[in-house]
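Quick notes on the structure that follows.
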Amino acid sequence: MARRPSHDRAATLDRARDLFWAKGYHGTSLKDLEAALDMRPGSIYAAFQNKETLYGLTLARYAETGQNGFAALQSAMGPLEALEAHMRNLADLGTRSGPARACMLVKTILEIADVPGLRAQAETLMAETEAGFIAAFAEARDRGEIAAESDPEALGQRFQAEIVGLRAYAQRSGSAEAVAQLANAFADRVAELRMHA
(Lines give C-alpha, C1' and ligand atoms only; values in the text may rest on other atoms or scores of the structure.)
Protein backbone atom coordinates (compact mmCIF):
# COMPACT_ATOMS: atom_id res chain seq x y z
CA MET A 1 0.00 0.00 0.00
CA ALA A 2 1.38 3.42 -0.98
CA ARG A 3 2.23 5.71 1.90
CA ARG A 4 0.08 8.84 2.04
CA PRO A 5 1.97 12.11 2.32
CA SER A 6 2.00 13.50 5.85
CA HIS A 7 1.45 17.05 4.63
CA ASP A 8 -1.67 18.76 3.29
CA ARG A 9 -0.59 19.38 -0.30
CA ALA A 10 -2.93 22.35 -0.88
CA ALA A 11 -1.87 24.08 2.35
CA THR A 12 1.78 23.33 1.57
CA LEU A 13 1.45 24.87 -1.89
CA ASP A 14 -0.21 27.94 -0.39
CA ARG A 15 2.68 28.41 2.04
CA ALA A 16 5.23 27.92 -0.73
CA ARG A 17 3.32 30.35 -2.97
CA ASP A 18 3.33 33.04 -0.29
CA LEU A 19 7.04 32.55 0.34
CA PHE A 20 7.96 32.69 -3.36
CA TRP A 21 5.58 35.61 -3.88
CA ALA A 22 7.29 37.58 -1.11
CA LYS A 23 10.95 36.65 -1.74
CA GLY A 24 11.01 35.73 -5.43
CA TYR A 25 12.34 32.58 -7.03
CA HIS A 26 16.03 33.36 -6.63
CA GLY A 27 15.59 34.96 -3.20
CA THR A 28 14.02 31.82 -1.76
CA SER A 29 16.51 29.25 -0.48
CA LEU A 30 15.98 25.61 0.32
CA LYS A 31 16.35 26.55 3.99
CA ASP A 32 13.53 29.07 3.58
CA LEU A 33 11.34 26.37 2.05
CA GLU A 34 12.18 23.88 4.80
CA ALA A 35 11.14 26.38 7.46
CA ALA A 36 7.98 27.59 5.70
CA LEU A 37 6.76 24.13 4.72
CA ASP A 38 7.99 22.34 7.85
CA MET A 39 9.51 19.67 5.61
CA ARG A 40 12.98 18.19 5.29
CA PRO A 41 14.83 18.55 1.96
CA GLY A 42 14.23 14.90 1.06
CA SER A 43 10.50 15.27 1.64
CA ILE A 44 10.36 18.43 -0.45
CA TYR A 45 12.13 16.70 -3.35
CA ALA A 46 9.98 13.57 -2.99
CA ALA A 47 6.78 15.63 -3.09
CA PHE A 48 7.74 18.26 -5.67
CA GLN A 49 10.88 17.03 -7.52
CA ASN A 50 12.77 20.32 -7.35
CA LYS A 51 12.49 24.05 -6.62
CA GLU A 52 11.56 24.94 -10.21
CA THR A 53 8.70 22.43 -10.30
CA LEU A 54 7.43 23.63 -6.92
CA TYR A 55 7.55 27.23 -8.08
CA GLY A 56 5.63 26.33 -11.23
CA LEU A 57 2.92 24.64 -9.15
CA THR A 58 2.57 27.69 -6.92
CA LEU A 59 2.42 29.98 -9.94
CA ALA A 60 -0.41 27.91 -11.42
CA ARG A 61 -2.21 27.94 -8.06
CA TYR A 62 -1.87 31.74 -7.84
CA ALA A 63 -3.36 32.22 -11.31
CA GLU A 64 -6.11 29.66 -10.74
CA THR A 65 -7.20 31.39 -7.54
CA GLY A 66 -7.51 34.72 -9.33
CA GLN A 67 -9.29 33.25 -12.35
CA ASN A 68 -11.72 31.31 -10.17
CA GLY A 69 -12.49 34.43 -8.13
CA PHE A 70 -13.34 36.38 -11.25
CA ALA A 71 -15.42 33.50 -12.65
CA ALA A 72 -17.41 33.41 -9.40
CA LEU A 73 -18.13 37.13 -9.71
CA GLN A 74 -19.26 36.63 -13.31
CA SER A 75 -21.54 33.78 -12.32
CA ALA A 76 -23.10 35.84 -9.54
CA MET A 77 -23.57 39.17 -11.29
CA GLY A 78 -22.95 39.01 -15.04
CA PRO A 79 -19.92 40.11 -17.07
CA LEU A 80 -19.89 43.90 -16.90
CA GLU A 81 -20.81 44.12 -13.24
CA ALA A 82 -18.19 41.46 -12.48
CA LEU A 83 -15.49 43.45 -14.25
CA GLU A 84 -16.44 46.56 -12.31
CA ALA A 85 -16.55 44.66 -8.99
CA HIS A 86 -13.21 42.96 -9.71
CA MET A 87 -11.54 46.34 -10.14
CA ARG A 88 -13.23 47.83 -7.06
CA ASN A 89 -12.01 44.85 -5.03
CA LEU A 90 -8.48 46.15 -5.63
CA ALA A 91 -9.20 49.47 -3.91
CA ASP A 92 -7.72 48.16 -0.66
CA LEU A 93 -4.45 47.00 -2.26
CA GLY A 94 -2.52 49.78 -0.61
CA THR A 95 -3.50 48.56 2.84
CA ARG A 96 -2.70 44.87 2.26
CA SER A 97 0.38 43.49 3.94
CA GLY A 98 2.98 41.13 2.59
CA PRO A 99 3.30 40.22 -1.06
CA ALA A 100 -0.41 40.57 -1.85
CA ARG A 101 0.02 43.99 -3.45
CA ALA A 102 2.16 42.98 -6.43
CA CYS A 103 1.12 40.45 -9.07
CA MET A 104 3.12 37.24 -8.71
CA LEU A 105 2.95 36.64 -12.47
CA VAL A 106 4.43 40.05 -13.27
CA LYS A 107 7.09 39.64 -10.59
CA THR A 108 8.01 36.31 -12.17
CA ILE A 109 8.27 37.73 -15.68
CA LEU A 110 10.50 40.55 -14.42
CA GLU A 111 12.73 38.33 -12.26
CA ILE A 112 13.16 35.05 -14.07
CA ALA A 113 14.73 35.67 -17.45
CA ASP A 114 17.22 32.87 -16.72
CA VAL A 115 14.58 30.17 -16.13
CA PRO A 116 12.77 30.11 -19.49
CA GLY A 117 10.18 27.52 -18.51
CA LEU A 118 8.91 29.54 -15.56
CA ARG A 119 8.93 32.81 -17.47
CA ALA A 120 6.96 31.18 -20.31
CA GLN A 121 4.50 29.71 -17.82
CA ALA A 122 3.95 33.14 -16.22
CA GLU A 123 3.39 34.73 -19.64
CA THR A 124 0.90 31.99 -20.58
CA LEU A 125 -1.01 32.43 -17.31
CA MET A 126 -1.08 36.21 -17.82
CA ALA A 127 -2.46 35.67 -21.32
CA GLU A 128 -5.13 33.30 -19.98
CA THR A 129 -6.20 35.86 -17.38
CA GLU A 130 -6.38 38.57 -20.03
CA ALA A 131 -8.39 36.24 -22.28
CA GLY A 132 -10.91 35.88 -19.45
CA PHE A 133 -11.33 39.65 -19.29
CA ILE A 134 -11.68 39.86 -23.09
CA ALA A 135 -14.32 37.12 -23.02
CA ALA A 136 -16.23 38.99 -20.31
CA PHE A 137 -16.27 42.18 -22.37
CA ALA A 138 -17.37 40.16 -25.42
CA GLU A 139 -20.21 38.63 -23.43
CA ALA A 140 -21.21 42.06 -22.16
CA ARG A 141 -21.31 43.29 -25.76
CA ASP A 142 -23.32 40.27 -26.93
CA ARG A 143 -25.81 40.83 -24.12
CA GLY A 144 -26.23 44.46 -25.13
CA GLU A 145 -24.68 45.71 -21.89
CA ILE A 146 -22.10 47.72 -23.82
CA ALA A 147 -22.17 49.23 -27.30
CA ALA A 148 -22.21 46.83 -30.27
CA GLU A 149 -19.16 48.55 -31.76
CA SER A 150 -17.09 47.98 -28.60
CA ASP A 151 -13.79 46.16 -29.07
CA PRO A 152 -13.58 43.46 -26.36
CA GLU A 153 -9.92 42.74 -27.09
CA ALA A 154 -8.85 46.37 -26.62
CA LEU A 155 -11.03 46.71 -23.52
CA GLY A 156 -9.66 43.48 -22.00
CA GLN A 157 -6.06 44.46 -22.71
CA ARG A 158 -6.58 47.89 -21.13
CA PHE A 159 -8.29 46.32 -18.12
CA GLN A 160 -5.38 43.93 -17.60
CA ALA A 161 -2.84 46.73 -17.99
CA GLU A 162 -4.69 48.87 -15.45
CA ILE A 163 -4.62 46.03 -12.92
CA VAL A 164 -0.92 45.37 -13.48
CA GLY A 165 -0.13 49.07 -13.13
CA LEU A 166 -2.32 49.43 -10.06
CA ARG A 167 -0.66 46.50 -8.33
CA ALA A 168 2.79 47.89 -9.11
CA TYR A 169 1.77 51.35 -7.91
CA ALA A 170 0.51 49.84 -4.64
CA GLN A 171 4.09 48.75 -3.85
CA ARG A 172 4.94 52.38 -3.09
CA SER A 173 4.77 53.40 0.54
CA GLY A 174 2.02 55.83 1.44
CA SER A 175 0.05 55.03 -1.70
CA ALA A 176 -3.10 53.54 -0.10
CA GLU A 177 -5.39 56.52 -0.73
CA ALA A 178 -4.14 57.01 -4.29
CA VAL A 179 -4.56 53.30 -5.05
CA ALA A 180 -8.15 53.35 -3.80
CA GLN A 181 -8.92 56.42 -5.92
CA LEU A 182 -7.34 54.87 -9.02
CA ALA A 183 -9.09 51.51 -8.58
CA ASN A 184 -12.46 53.22 -8.23
CA ALA A 185 -11.75 55.51 -11.19
CA PHE A 186 -10.87 52.49 -13.35
CA ALA A 187 -14.04 50.73 -12.15
CA ASP A 188 -16.07 53.84 -12.96
CA ARG A 189 -14.75 53.69 -16.53
CA VAL A 190 -16.06 50.15 -16.83
CA ALA A 191 -19.44 51.19 -15.43
CA GLU A 192 -19.62 54.08 -17.92
CA LEU A 193 -19.57 51.57 -20.79
CA ARG A 194 -23.02 50.35 -19.77
CA MET A 195 -25.76 50.96 -22.31
CA HIS A 196 -28.88 52.54 -20.85
CA ALA A 197 -32.29 51.60 -22.20
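Brief remarks on what is shown
- Rolling a 1.4 angstrom probe over the chain with all protein chains present gives an accessible area of which 52% lies on carbon and sulfur atoms.
- Once the C-beta distance of Asn89 and Ala113 is scaled by a Förster radius of 30 Å, the resulting FRET efficiency is 0.45 to the nearest 0.05.
- Backbone HN-Hα couplings from phi across the stretch 11-20 [Karplus 6.51/-1.76/1.60, Hz, Gly and Pro as x]: 5, 5, 5, 5, 5, 5, 4, 5, 5, 4
- Extended-chain gain in nm, criterion 0.36 nm per residue less alpha-carbon gap, Arg158 and Asn68: 30.3 nm
- Protein heavy-atom accessible surface, 1.4 Å probe, per residue over the chain: 53 Å².
- Within the chain, longest stretch clear of exposed GluC sites (Glu not before Pro) (DSSP loop, no more than 14 other Cβ within 10 Å): 1-148
- Summary value for the chain: 24 percent relative contact order, contacts being C-alpha pairs under 8 angstrom separated by 6+ residues.
- Inverse of mean 1/r across different Cα pairs in the chain, Kirkwood, Å: 18.3
- Here the spin labels are modelled as points 7 Å beyond Cα on the Cα-Cβ line, and at Ala120 and Glu34 they lie 3.3 nm apart.
- Annotation: extensible slack from His26 through Asp151 equals 41.1 nm (criterion: 0.36 nm per residue apart, minus Cα-Cα distance).
- With N the number of residues in the stretch 132-193, Rg(Cα) / (2.2 N^0.38 Å) evaluates to 1.26.
- Residues whose amide H falls under 5 Å from that of Ile146, counting only those 5 or more places apart or on a different chain, are Arg141, Met195, with hydrogens built in the peptide plane.
- Between the stretch 126-197 and the stretch 11-66, the alpha-carbon center distance in angstrom: 31
- J(HN,Hα) series, the stretch 108-113, from Karplus relation 6.51 cos²θ - 1.76 cosθ + 1.60, nearest Hz, glycine and proline x: 5, 4, 6, 8, 10, 6
- Phe70 accessible area, 1.4 Å probe, all protein chains in place, Å² to nearest 10: 10
- Cα-based equivalent ellipsoid of the stretch 1-96: semi-axis lengths in Å, sorted from largest, via gyration tensor: 32, 17, 10
- With θ taken as phi - 60° and the Karplus curve 6.51 cos²θ - 1.76 cosθ + 1.60 applied, the whole-hertz 3J(HN,Hα) list for the stretch 73-83 is 4, 4, 5, 7, 9, x, x, 5, 5, 5, 4 Hz, x standing for glycine and proline.
- Sites excluded, trypsin sites (Lys or Arg not before Pro) in DSSP loops with at most 12 other C-beta within 10 Å, longest stretch of the chain: 4-142
- Neighbour net charge for Gln157 - beta-carbon separation under 12 angstrom, K R +1, D E -1: -3
The values are calculated or read from the model by the stated rules, or taken from the named source; none is laboratory data. These numbers were taken from a predicted model, which means no experiment stands behind them. Quick reminder, even Gly has a Cβ in these numbers, built from the backbone with ideal geometry, and neighbours come from all protein chains shown. Note: areas computed on protein heavy atoms with side chains; ligands, DNA, RNA excluded. Shrake-Rupley method; radii C 1.70, N 1.55, O 1.52, S 1.80 Å.
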